[in-house]
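Structure first, then comments.
The values are calculated or read from the model by the stated rules, or taken from the named source; none is laboratory data. As the structure is a computational prediction, the values presented were derived from the model and not from experiment. Because the Cβ atoms are built from the backbone with ideal geometry, glycine has one as well, and the counts that use them run over all protein chains shown.
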Amino acid sequence: MGNIKFNYMYRDAGNYKKFASVVFSNPELLTLQSVAMRLANIFSEEGLFVAHQIRVPEVFLYARGNATSDDHCFHEFDGVEEALEAASDQHSRSISEFLAEARTEARRGWIPFDPHEAMFQRVHGAPQAGT
């Protein structure tokens, strides 16, 4: 089994979607079925998670500061597939390392944030008012 592509998306309350993926190395030769099952058990019942907690890029539909009433903080697991392309994880994790990190974060609990609040901007690097 080659590298494994983790597919996910952001879906706002209006059902508009934006898809993303990260390719992880797979030196342990885990099967797609095994990875998918583990991720389904890690994420919420609906497959939801907070992207920055598992260090994958956030793919919100809104630009920073332009959130609407349809926007929220959760991303959604969309599946895994075998990848022919090279690993693309910015943190050089294997799929096993990613699974371990996701499991740890799920145990800590997914920490929701309101994309409309200034705290979201501070956490994500946007300048604070008056600075």
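All of (1) in contact with a His (Cβ under 9 Å, 6 or more places away or on another chain); (2) at positive phi hold for ASN15 with one exception: (1). The single condition among (1) closer than 13 Å to LYS5 by Cα; (2) out of contact with any Pro (no Cβ under 6 Å at 6 or more places or on another chain) that SER94 does not meet is (2). Residues that are out of contact with any strand residue (DSSP E or B) (no Cβ under 9 Å at 6 or more places or on another chain), polar (S, T, N, Q) and outside any helix (DSSP H, G or I) were ranked within the stretch 82-131; the one that is modelled with the highest pLDDT is GLN128. For the stretch 17-37, the tally of residues that are assigned to a helix (DSSP H, G or I) and polar (S, T, N, Q) stands at 2.
Of all the residues in the stretch 3-20, those that are crowded, with 17+ Cβ neighbours inside 10 Å and over 16 Å from ARG55 (Cα atoms) number 4.
Selection within the stretch 1-39: residues that are among the hydrophobic types (A, V, I, L, M, F, W, C) and modelled with pLDDT under 95. The member of this set that is nearest to SER92 (Cα to Cα) is MET1. When each of SER25, SER34, SER21, SER92 is tested for being among the polar types (S, T, N, Q) and closer than 29 Å to GLU117 by Cβ, the lone residue that passes is SER21.
Residues in the stretch 1-16 that are within 18 Å of the chain's Cα centre (by Cα) and assigned to a loop (DSSP other than H, G, I, E, B) were compared, and the one that is nearest to GLU97 (Cα to Cα) is ASP12.
Among the residues of the stretch 56-81, those that are β-branched (Val, Ile, Thr), assigned to a loop (DSSP other than H, G, I, E, B) and at pLDDT 85 or above comprise VAL56, VAL59. Just so you know, in the stretch 61-110 the residues that are loosely packed, with under 12 Cβ neighbours inside 10 Å and of a type in the set (Ser, Thr, Tyr) include one that is nearest to SER25 (Cα to Cα), and it is SER92.
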